[in-house]
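Working notes for the structure below.
The values are calculated or read from the model by the stated rules, or taken from the named source; none is laboratory data. Keep in mind it's a predicted model, so treat the numbers as computed, not measured. So basically every Cβ, Gly included, is an ideal-geometry build from the backbone, and we count neighbours across all protein chains shown.
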Amino acid sequence: MYAEERQQLIVTRLEAAGRVSVAPLASEFDVSNETIRRDLDQLEAKGLARRVHGGAVPVSRISLAEESIDSRRMLNTGAKERIARAAMAFIPGSFSGAVAIDAGSTTGLFAHTLSQWTPDAPQQSIVVITNSILIAQAVNTNPHVEVQLIGGRLRTITSAAVGPTALAQLAGLRPDVAFIGANGVHAEFGFSTPDADEAAVKSALTHGARRAVALVDASKLGGETLVSFAALGDVDTLVTDGAPDAELTQALQESDVETVIA
């Protein structure tokens, strides 16, 4: 079979399944994995596919667009509020450690909920670490919360500090729980976001905390954006508002990720 014929068949598989993987294609066409990788690279160069880890997806499947925090606040608000309330189970009144909160619309609603947190003992307090000015302002209204604001280059679209300065500060911190937002959660691609600098911060928060909790509304489940910042197994708990599809559910279970439906 000529390469052009094989690539046409790969495009057909891609349109039908929504994703193709290197190893199964190599087996089907009785060629090497490297041959399939070259095919996928050529299809991407022609604008017919988008390469992702282990295979390819249709160009339309990967979102490069990034909405502002103000715009995202208006989307799925009820679902995000339920997620925020459910996430408070990780910060009971007896909690007295450090919490990291990632920039985002769902994590922002969680921060507003956390601003009402009341400790069991009057002298008790918690530390909140965040790279978001908006989240810092929200939780700073609570007298039982000490805020540590991460510095760096400020992204206007998300009001989040990113870059080498932010990463250097996070490298020296080990919060008890990190609450992470994501723009996509996929069985193979994991947790993703459109911007590479934000992805680096999300990765640092996820891997640096003793427990990582992803707060993601159901509209993001099964989706992919440009940059993967964590594999499914890097996160301990996913809090969402709807059940994932069968493929993602199985992947979460195999990765030992607790799923909480708010």
### Message
Conditions first: (1) free of Cβ contacts under 8 Å to residues at least 12 places away in the same chain; (2) exposed (fewer than 15 other Cβ atoms within 10 Å of the Cβ). GLY151 passes all but one, so which condition is the exception?
### Response
(1)
### Message
Contact list please: Cβ distance under 6 Å, first residue in region 171-197 and touching a residue at least 40 places away in the same chain (Cβ under 8 Å), second residue among the hydroxyl-bearing types (Ser, Thr, Tyr) and outside any strand (DSSP E or B), pairs at least six apart or on different chains.
### Response
PHE179/THR107; ILE180/THR206; GLY181/THR106; GLY181/THR107
### Failed condition for SER159, given (1) on the phi < 0 side of the Ramachandran plot; (2) touching a residue at least 60 places away in the same chain (Cβ under 8 Å)
(1)
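Of all the strands (runs of 3 or more DSSP E) wholly in region 52-138, which have at least 1 residues that are at pLDDT below 90?
Hits in region 52-138: 55-57.
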### Query
Restricting region 144-184 to residues that are at pLDDT below 95 and within 11 Å of the chain's Cα centre (by Cα), which is farthest from SER132 (Cα to Cα)?
GLY184
### Task
Within region 238-262, track down each residue that is polar (S, T, N, Q), more than 16 Å from ASN183 (Cα to Cα) and in contact (Cβ under 8 Å) with a residue 40 or more places away in the chain.
GLN250
### Query
Can you tell me which residues in region 201-235 are among the acidic types (Asp, Glu) and either at positive phi or buried (at least 19 other Cβ atoms within 10 Å of the Cβ) (or both)?
ASP217, GLU224
### Message
Take LEU238 and tell me if it is under 11 Å from the mean Cα position of the chain (by Cα), buried (at least 22 other Cβ atoms within 10 Å of the Cβ), modelled with pLDDT under 95 and assigned by TED's automatic domain parsing to the domain that holds HIS186.
### Response
no
### Message
Checking the conditions here, which among GLU247, GLU146 is over 28 Å from ARG51 (Cα atoms), surrounded by fewer than 20 Cβ atoms within 10 Å (Cβ to Cβ) and not hydrophobic (A, V, I, L, M, F, W, C)?
### Response
GLU146
